[in-house]
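Each value in this text was obtained by applying a stated rule to the coordinates, not by laboratory testing. The shown structure was predicted, so the numbers you read here are calculated from the model rather than taken from an experiment. Because the Cβ atoms are built from the backbone with ideal geometry, glycine has one as well, and the counts that use them run over all protein chains shown.
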Amino acid sequence: MKSLLLVIAILLSTAFTTTEGEYHPDRSPTITIETPKVVTISKLDLLYLAVRHMESSNGRIVRTPESIAEGAEGDLQIHKSTVDYCNDYLGCNYTYEDRLDSAKSRQIFYKIQNQFNKKHNLALGMHIWNAGPNKIEKYWNATESYRAKCFAYINKLKHEHNFKIIN
């Protein structure tokens, strides 16, 4: 607090002078005190950002010969079986082409996460997306590298932005 008052006093003492040091009583001081902006983000949104980064470099690479051969396309590299699951068990009406629609692929992602990862655990959500929801326990070790890369991206975001994670 003392240092803030000192800064204000210095600003006020220089605010009424020109570069030549002349006094100008009409000139009003401009004081801007900036505080770091805190961005609030949900765990589910943070998970989505990390997975989208991993799957398509944030939407830049949505189709490759490899992904087409695997049957995965779009921002989140969604498989046809994921679309089928949403339609058959979650009461949705998605098409395979919806995997290329960013908004609809995000909806599919959130529906799968809310079905299999109700607490929005980051590591579990990454694993579910990479291994598939039916392989949660069986393939945990197989997704270790994927999860590590997702967490590295999250840490990069934390470093670049001042954010608070909420449920």
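Counting only Cβ charges, +1 for Lys and Arg and -1 for Asp and Glu, the dipole size of segment 39-166 around its Cα centre is about 520 debye.
Assuming 0.36 nm per residue, please report the length gained on full extension of the stretch ARG106 to ALA123 beyond their Cα-Cα distance.
Values: separation 17, 0.36 × 17 = 6.12 nm, distance 1.82 nm.
Value of the extension gain: 4.3 nm.
Work out how much length ASN58 to ASP45 would gain on full extension: take 0.36 nm times their residue separation and subtract the Cα-Cα distance, in nm to one decimal.
Between ASN58 and ASP45, full extension yields 3.3 nm more.
Using 25 Å as the Cα-Cα cut-off, could you pick out the over-long pairs in LYS37/LYS119; LYS119/LYS149; LYS80/LYS164; LYS119/LYS158?
Values: LYS37/LYS119 27 Å; LYS119/LYS149 21 Å; LYS80/LYS164 35 Å; LYS119/LYS158 21 Å.
As for pairs spanning more than 25 Å Cα to Cα, those are LYS37/LYS119; LYS80/LYS164.
Once both labels are positioned 7 Å from their Cα atoms along Cα-to-Cβ, the gap between ALA148 and GLU160 label points is 2.2 nm.
Amide H contacts under 5 Å for PHE163: VAL39, restricted to partners 5 or more places along the chain or on a different chain, H placed in the peptide plane at 1.01 Å from N.
In terms of packing, defined here as the mean over residues of other Cβ atoms within 10 angstrom, the peptides 78-85, 124-131, 113-120 line up highest first as 124-131, 78-85, 113-120. For segment 135-151, backbone phi angles converted through the Karplus equation (6.51, -1.76, 1.60; θ = phi - 60°) give residue-by-residue couplings of 10, 4, 7, 5, 10, 4, 5, 5, 9, 4, 5, 4, 5, 4, 5, 4, 5 Hz, Gly and Pro being listed as x.
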